[in-house]
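The values are calculated or read from the model by the stated rules, or taken from the named source; none is laboratory data. Since this is a predicted model, take the numbers as computed values, not measurements. In this analysis, Cβ positions are derived from the backbone assuming ideal geometry, glycine residues included, and neighbour counts consider all displayed protein chains.
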Amino acid sequence: MRLPPFPLALLLALGACKSGPPVASATLGDLRITEGFAFRPITPASGAAYFRVRNTGATADTLLEASSPITKGGMFHGGDMAHVDVIALPPGGELWLKPGGTHLMLTDYDPRPEAGDSLPVTLRFAHAGSVTLRLPVRRYNE
Ligand SMILES: [Cu+2]
């Protein structure tokens, strides 16, 4: 039996949505964003994402929020998992979210990304505005 063309096209579209080419860096005004990635969530309930932001300008900025279209929530956590409301980026300053330290915690993934997928994440800054990355997804602790 042949598959009708419509569901096949839909399936291909969904696949492309989950695994388009990753975008781990971006320039947004004076901000240089690099080294973005996410771990594949152990469960769909929550998973961490990481990136580095350098403010090369003379104006202070603040990272206000981060969100993904495939998660319900997004919040910043310190290395002790304590909630961090916003993150300051003074002129010449840097914030580097990495495993064991401050991270972006995304919650309620649907669908849960696989290793090799890219995870769309939008960062919103008070001064520079918003940018969307497609974080490469790695197997946990890889
Ligand atoms: Cu956390």
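When segment 43-59 is examined, which residues are found to be within 12 Å of the chain's Cα centre (by Cα) and either among the aromatic types (Phe, Trp, Tyr) or loosely packed, with under 13 Cβ neighbours inside 10 Å (or both)?
Listed by number, the residues that qualify are Tyr50, Phe51.
Given the residues Leu64, Leu106, Leu97, which is the only one that is within 12 Å of the ligand (Cβ to nearest atom) and touching a residue at least 60 places away in the same chain (Cβ under 8 Å)?
Working: Leu64 fails: within 12 Å of the ligand (Cβ to nearest atom); Leu97 fails: touching a residue at least 60 places away in the same chain (Cβ under 8 Å).
Exactly one of Leu64, Leu106, Leu97 is within 12 Å of the ligand (Cβ to nearest atom) and touching a residue at least 60 places away in the same chain (Cβ under 8 Å), namely Leu106.
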Review point. Considering only strands (runs of 3 or more DSSP E) fully contained in segment 62-142, which possess at least 3 residues that are buried (at least 18 other Cβ atoms within 10 Å of the Cβ), touching a strand residue (DSSP E or B) at 6+ places or on another chain (Cβ under 6 Å) and of a type in the set (Ser, Thr, Tyr)?
Key: none
Review point. Residues of segment 6-29 being at pLDDT below 95 and of a type in the set (S, T, N, Q), which ones?
Key: Ser19
Point to revise | Answer from Ala49, Ala126 - the residue that is within 13 Å of the ligand (Cβ to nearest atom) and touching a Leu at 6+ places or on another chain (Cβ under 6 Å) | key: Ala49
Point to revise | Counted residues, segment 67-94 - those being under 19 Å from Asp110 (Cβ atoms), of a type in the set (Val, Ile, Thr) and more than 14 Å from the ligand (Cβ to nearest atom) | key: 1
**Study point:** Single unsatisfied condition, Ala66 versus (1) out of contact with any Lys or Arg (no Cβ under 9 Å at 6 or more places or on another chain); (2) at negative phi
**Key:** (1)
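Given the residues Arg32, Arg40, Arg52, which is the only one that is under 16 Å from Arg112 (Cβ atoms), among the charged types (D, E, K, R) and either touching a helix residue (DSSP H, G or I) at 6+ places or on another chain (Cβ under 8 Å) or modelled with pLDDT of 75 or more (or both)?
Working: Arg32 fails: under 16 Å from Arg112 (Cβ atoms); Arg52 fails: under 16 Å from Arg112 (Cβ atoms).
None of the others qualify; the one that does is Arg40.
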